[in-house]
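Comments concern the structure below.
The values are calculated or read from the model by the stated rules, or taken from the named source; none is laboratory data. Owing to the predicted nature of the structure, the values given are computational and were not obtained by experimental measurement. Every residue, glycine among them, receives a Cβ derived from its backbone with ideal geometry; neighbour counts consider all protein chains shown.
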Amino acid sequence: MEAHMSLTRKLLRLGNSVEALEAAKRAIHFSDGVLRLCLTVSHLNRAMYFACDNILWAGKTGLISKLNQQKWSQRSFRYYLFALVLHLTRDVYELGLLMECEARNRATKVSPLPVDQVYAPSSSPSPAVPNLVIPEQFRRQLHLLLTVLYNNPPLLLDLLKNSCDIFIPLDRLGIYSTGSGFVGACGLTSSVLSILTMIHPWLKLKP
Amino acid sequence: MAALINFTNQSQGRDRIFRATQYACALSVYLLRNKERPDLVEKLKSLEVSMSTGRKLFRLGNTINSIEAAKRTMQLSDRVLCLCLTVANINRALYFACDNVLWARSVGLIRDINKERWSLNASRCYFLSIVMSLTRDVYIVSQLMVQKVRDKRFRQKMDQHLSESPEIAEPIIPQLDAFLFLLLESLRSQPAVALDTLKNICDLFIPLDKLGLYQSNAGVVGFCGLVSSVIGILTLAQPKLRITP
């Protein structure tokens, strides 16, 4: 049944190269430089992935005889991996921007304390202080990260989806072999997440 | 439920293109049967089979779509339309249900079912749904014809048409000539109805052949399937050409 579903999905994806190219054309007009680069290149890679996928389908159904399925399969996964890496880069970039924004909001909200109270804890000569300062900063950053993710469910879903998706080409290309069970679970999770974004369009990350 | 339907409708356009490809392959295989091109025929056959099995998978949710459509058509005010469309939709829902069972059998999920019997039942339901759709088309066309006959301007036009023919050829049965003129004018005024009637007539040949009621050959079935798929693509691309309700 898995083979049947895979072949049928390849059939359904027959038009997706053109869609990905159109998406790349739209992405060229974004104002933000990093987003523009990431999304355009990622859509171009997706277009190449779909083109390789279409060729694989033609080979599997017998339209093209004597096709080196392994070679084309590897090619398609390489394009897919690169597209996912760029998507993740974009997610991390947006996360960074939002965290910066949130940190600035927090800084303006915190009421200014008298100077001696601010510097009192760090000036105490206790040897335990250096061990506490680093985790404190780390904890603050972590808290900031979790707050930003909690307030932006589309970004969180997209990040989770791309993280799950990336294990598939990593396993197939042999870069980081996990078992087929893990790959199946990751694929299932990312599919469920994308179904959720289709049912609730507000959960889709824009642009 | 609305979200599920919106979700599945996105693949409707692709399904129609694949159906057109499937029947084009069937027609081509029939046309090439006497020529010495076994490799091409083999490729076309395998493409047709892969399109057909792929489409069965896409149709997995269509039973629910058809039941929802039947619920909507039950609320139509015109009783004849209500009856025809509701029965057509219920039969389509049954056809899709049989189709899903056949898909499960072909994939290997279910093993002990009588494939021939289920295939026959699917064809019967499909046949009934097309007959009901054609009945609805005939009803709408007859209503249009009655409307036209009552229109004074159209009657003048028809009288003009009937009186100018004696110079060209004597009409053997003047009433038949008048009827045909009325029919063609009605169909021309409503292209959506004309297209739907043609589509249903073409579609009818497929189950007629499968059920053995009117054995045509694979070429006719392929050609009719192709024409009806192309009309389906046209009505999807141009919503004005889609019959309502």
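Here are a few things to note about the model shown:
- The residue that is farthest from the other protein chains (Cβ to nearest Cβ), among those in region A:21-47 that are of a type in the set (Gly, Ala, Ser) and more than 26 Å from residue B:53 (Cα to Cα), is A:33.
- Odd one out for residue B:125, checked against (1) away from every other protein chain (no Cβ under 14 Å); (2) surrounded by 18 or more Cβ atoms within 10 Å (Cβ to Cβ); (3) in contact with a Ser or Thr (Cβ under 8 Å, 6 or more places away or on another chain): (3)
- Residue match in region B:199-215 (condition: loosely packed, with under 14 Cβ neighbours inside 10 Å, among the polar types (S, T, N, Q), out of contact with any strand residue (DSSP E or B) (no Cβ under 8 Å at 6 or more places or on another chain) and not in a helix (DSSP H, G or I)): yes
- Note on region A:149-189: residues that are of a type outside the set (S, T, N, Q) and assigned to a loop (DSSP other than H, G, I, E, B) total 5.
- Qualifying residue in region A:91-107 (condition: within 14 Å of chain B (Cβ to nearest Cβ) and in a helix (DSSP H, G or I)): no
- Hey, residue A:144 modelled with pLDDT under 90, farther than 24 Å from residue A:71 by Cα and in contact with an Asp or Glu (Cβ under 8 Å, 6 or more places away or on another chain) or not: yes
- Residue match in region B:40-53 (condition: surrounded by fewer than 19 Cβ atoms within 10 Å (Cβ to Cβ) and away from chain A (no Cβ under 13 Å)): no
- Residue count for region B:26-46, restricted to those that are in contact with a Ser or Thr (Cβ under 9 Å, 6 or more places away or on another chain) and within 25 Å of residue B:237 (Cα to Cα): 0
- Considering region A:27-66, and only residues there that are among the charged types (D, E, K, R) and surrounded by fewer than 19 Cβ atoms within 10 Å (Cβ to Cβ), the residue that is modelled with the highest pLDDT turns out to be A:36.
- Residue in region A:170-178 that is of a type in the set (Gly, Ala, Ser), more than 26 Å from residue A:27 (Cα to Cα) and either surrounded by 13 or more Cβ atoms within 10 Å (Cβ to Cβ) or assigned by the TED database to the domain that holds residue A:93 (or both) present: yes
- Annotation note: Cβ proximity below 7 Å between a residue of region B:174-195 that is without any contact (Cβ under 8 Å) to a residue 12 or more places away in the chain and a residue that is in a helix (DSSP H, G or I) (sequence gap 6+ or interchain) occurs for B:194/B:187.
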